[in-house]
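Below: one structure, written as structure tokens.
The values are calculated or read from the model by the stated rules, or taken from the named source; none is laboratory data. Quick caveat, the model's predicted, so the values are computed rather than measured. Every residue, glycine among them, receives a Cβ derived from its backbone with ideal geometry; neighbour counts consider all protein chains shown. These accessible areas exclude ligands, DNA and RNA; they are computed on the full protein's heavy atoms, side chains included. Shrake-Rupley method; radii C 1.70, N 1.55, O 1.52, S 1.80 Å.
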Amino acid sequence: MRLSKAYFKTYRDDPAEAVIPSHRLLVRAGFIRKSASGIYFYMQPGWRSIRKIEEIVRQEMDAKGAQEIRMSAIMPAELWQESGRWAAYGPELWRIKDRHERDFCLGPTHEEAVTWIAREDITSYKQMPINLYQIQNKYRDESRPRFGLLRSREFVMKDAYSFDVDSEALDKTYNLMYEAYSNVFTRCGLNFAPVEADTGSIGGKGSHEFTAFTEVGESDIVYCEKCRMAATQEKAECVDDPPQDDVEMLPLEKKETPGTTTIEAVADYLGLDKKQTIKALLFKRLDAETLEVTGYVAAFVRGDRECNMIKMVNALDIPEHCLEFADEAEMGPATGCVAGFTGPMGLHDCTIVVDSELVGMKNLCAGACEKDHHLVNMNYGRDYKGDIVTDIKSLEQGDQCPVCGHPVTETKGIEVGQIFKLRDKYSVAMGANFVDENMKSHPIQMGCYGIGVSRTMAAVVEQHYDDKGIVWPVSVAPYHVIITLIKAKDETQAALAEKIYDELQAAGVEVVLDDRDERPGVKFKDADLIGYPIRITVGKRAGEDIVEYKLRREENVDEITSGEAVTRAIELVKEEGDGRCFFR
């Protein structure tokens, strides 16, 4: 490609709404362009990188026996109503109507559609295993699109769905996808790890999230450096402190505690460790479809702990969008709670969820459900009970690893892929069955496997940039080489640049010739901003057949012959681009 003929535009200023590097750089380098909140156009270089990631995904999926199909992004409501997700998925499901007032949705994922396909076609155990995948745009009506491609309303995704006869066969397919995903993200140049994850709105039992480690990711990851345990904070189990069985229960007392509406304030006022207090969190339950309030929930954890919202909705067995924080003043008349002074005693007409750790602790302090008063020496069983008792706390930095007891470390990451063992969640709900060798009917065992293609591109940028711009890995760079022609009107320079351009193209290397009538500084800045892995500069020593050869990821510049520059470029592309050049 010649830049003098290319539809090409870069920007010197950051977009006003961009707060993370990938968003800033992909816009400034001309890879994406915002058309509306959470909706982006992919410009020529951006679409090339997207297609390269897609091609890596296809190669790895095909290598594991998966077959590519294409389903419509528009799905009838009836399929989602069969599975129960039409209401349960929540407001992020982009619902639309046709001219006949029939309900449809824009697909955020395709479990229902592919289960319908399987229901129509798979009748015998002899037809399995099957794994079908597609790469297409997905849609989620995000309430707060942000971070560019990381939280958008339209995005590119690869989603695959497997069909097996039993759990053992599903495990084999799941492991194949685990391997394929590891290969994909390695080839894309990502520093990543698969971690145990919650299944969320997809459902099923058993999931791993493939997380690219960055400073700005939306996934909170906890891991153990000793035993290598790793999980999303939503999924990570917590280790309760040992029960205080040898501690005697003291008589319950009410204490006046004026103005102490926080854990810190009441602990200071009464001279207590925060571990001896109980924190209250109040929620309202919403109807999945109408979003009207259907009831209230009070959750209690140790004062120094944080409540985990995903564990809460799982404990209540409700969709995530059906639980919201409640206004204590609004909730008070219905339940007896008092703003800043709520405890588990004195509440009524609400579901009480107690963290499992509180059961074994003795003589704790909690709100008295009375303004400016707390109760001390409160004990589970004697003074209060929970409707649900389970782990609802978050595993935090320094807490014990649930596997080996070593202190865990917390970090952030970007979810670039996730795999799920759906088992029979959709096949039972939608009647997708097969008969075995004895003609006995069974529900098909399913798995699903997603890769955020556009998120992967953003994640690569988050891990590969500097103060000048993007530093693309060779495998997913829009082009491998840029030839920077210092003086486009100089016949000697132009001739050498054309020679290098032709030789690289003939070798299958993806090359850009910057033959614009621009100052050298502008050309260098654009090259660094866009992040071409290799820059070959043709300048004043062209008459000697000497050029500058520079890797974007390195500072040093080598002055070598044009032939050596071509040879080095070809060798690097073969070594780091897997020898596969997708475009000419």
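Residues in the chain average 44 Å² of solvent-accessible surface per residue, probe 1.4 Å, ligands and nucleic acids excluded. Between the residues 247, 260, 227, the greatest Cα displacement towards the positive end of the dipole of the range 198-298, with unit charges on the Cβ of Lys, Arg, Asp and Glu, is found for 260.
A simple charge model with +1 on the Cβ of Lys and Arg, -1 on the Cβ of Asp and Glu and nothing else charged puts the dipole of the chain at about 1880 debye relative to its Cα centre.
Hydrodynamic estimate: the Kirkwood radius of the chain over Cα pairs, inserted into Stokes-Einstein at 4 °C and 1.567 mPa s, corresponds to D of 47 µm²/s.
Here is the list for the range 233-329: GluC sites (Glu not before Pro) lying in DSSP coil, each with at most 11 other C-beta atoms within 10 angstrom of its C-beta, are 248, 289, 292. Counting only heavy atoms of the protein chains and using a 1.4 Å probe, residue 442 has close to 60 Å² of accessible surface.
Put a dot 7 Å past the Cα of residue 244, heading toward its Cβ, do the same for residue 41, and the two dots end up 6.5 nm apart. Computed about its Cα centre, the charge dipole of the range 4-103 is approximately 620 debye, with only Lys, Arg, Asp and Glu carrying charge at their Cβ. Remark on residue 352: its backbone amide H falls under 5 Å from those of 298, 387, 388, a criterion applied only to residues 5 or more positions apart or on other chains, H modelled at 1.01 Å from N. Oblate is the label for the range 73-227. Its Cα gyration tensor axes, ordered a ≥ b ≥ c, give a/c of at least 1.5 and b/c at or above a/b. Across the range 33-39, coupling constants 3J(HN,Hα) worked out from phi with the 6.51/-1.76/1.60 Karplus curve, θ = phi - 60°, read 9, 6, 9, 7, 4, x, 10 Hz, and Gly and Pro carry x. Quote the FRET efficiency, to the nearest 0.05, computed for residue 506 versus residue 120 with a Förster distance R0 of 45 Å and r equal to the Cβ-Cβ distance. According to the calculation, E is roughly 0.35.
Quick one: grab the alpha carbon gyration tensor of the range 349-477, order the square roots of its eigenvalues as a ≥ b ≥ c, and give me rounded if a/c is under 1.5, else prolate or oblate depending on whether a/b is larger than b/c.
It is oblate, given that a/c is not under 1.5 and a/b is not larger than b/c.
The accessible surface of the range 404-523, taken with every protein chain in place and a 1.4 Å probe, is 48 percent carbon and sulfur. Taking 7 Å steps out from each Cα toward its Cβ at residue 103 and residue 433 produces label points 2.7 nm apart. Taking a point 7 Å out from the Cα of residue 166 in the direction of its Cβ, the residues of the range 120-136 whose backbone N falls within less than 17 Å of it are 124-130.
Less than 5 angstrom separates the built amide H of residue 341 from none of the residues sequence-distant by 5 or more or on a different chain.
For the range 1-52, state which chymotrypsin sites (Phe, Trp or Tyr not before Pro) are in a DSSP loop and have at most 11 other beta carbons lying within 10 Å of their beta carbon. Here the sparse-neighbourhood loop sites are 7. 3J(HN,Hα) couplings calculated from phi for the range 408-423 with the Karplus curve 6.51 cos²θ - 1.76 cosθ + 1.60 (θ = phi - 60°) are, in sequence order, 8, 10, 10, 8, 10, x, 10, 6, 9, x, 8, 10, 9, 9, 6, 6 Hz; Gly and Pro show x.
Quick one: plug the Kirkwood hydrodynamic radius of the range 234-309 (C-alpha pairs) into Stokes-Einstein at 37 °C, 0.692 mPa s, and report D in µm²/s.
212 µm²/s
Which FRET efficiency value, to the nearest 0.05, do you get for residue 14 and residue 137 by plugging their Cβ-Cβ distance into 1/(1 + (r/R0)^6) with R0 = 25 Å? The computed FRET efficiency comes out at 0.40. Is the C-alpha gyration tensor of the range 10-128 telling us rounded, prolate or oblate? Criteria: a/c under 1.5 is rounded; beyond that, a/b larger than b/c is prolate, otherwise oblate. It is oblate, given that a/c is not under 1.5 and a/b is not larger than b/c. Annotation for residue 275 and residue 574: the two label points, set 7 Å from Cα along the Cα-Cβ direction, are 6.3 nm apart. Taking 0.36 nm per residue of separation and subtracting the current Cα-Cα distance, fully stretching the chain between residue 58 and residue 317 would add 89.6 nm. Our estimate of slack between residue 218 and residue 541, defined as 0.36 nm per intervening residue step minus the Cα-Cα distance, is 111.4 nm.
Dipole of the chain computed with +1 at Lys/Arg Cβ and -1 at Asp/Glu Cβ about the Cα centre; of 530, 375, 113, farthest Cα towards the positive end is 530. Working note: Karplus 6.51/-1.76/1.60 with θ = phi - 60° gives the range 243-260 the couplings x, 8, 5, 8, 9, 7, 5, 9, x, 5, 10, 9, 10, 7, 9, x, x, 8 Hz, where Gly and Pro are set to x. With a Förster radius of 41 Å applied to the beta-carbon distance between residue 127 and residue 325, the computed FRET efficiency rounds to 0.25.
Residue 546 sits with roughly 30 Å² accessible to a 1.4 Å probe, with DNA, RNA and ligands left out of the calculation. For the cross-link pairs 9/468; 255/279; 284/385; 385/421; 226/362; 52/574, the ones whose C-alpha atoms lie over 24 Å apart are 385/421; 226/362.
Expressed to the nearest 5 percent, the antiparallel share of DSSP beta bridges inside the range 149-294 is 90 percent.
Farthest towards the positive end of the charge dipole of the chain, among the residues 40, 177, 563, is the Cα of 563, using unit charges on the Cβ of Lys, Arg, Asp and Glu.
Close amide H contacts of residue 94 (hydrogens built in the peptide plane, cut-off under 5 Å, sequence separation of 5 or more or a different chain): 106, 141. Rolling a 1.4 Å probe across all protein chains gives residue 272 an accessible area of roughly 60 Å². Taking loop as defined by DSSP and a crowding limit of 15 other beta carbons within 10 Å, which GluC sites (Glu not before Pro) in the range 81-184 fit? Listed in order of number, the matching sites are 92, 101. Expressed as a fraction of 2.2 N^0.38 Å, the value expected for a compact globular protein of N residues, the C-alpha radius of gyration of the range 300-376 is 1.14.
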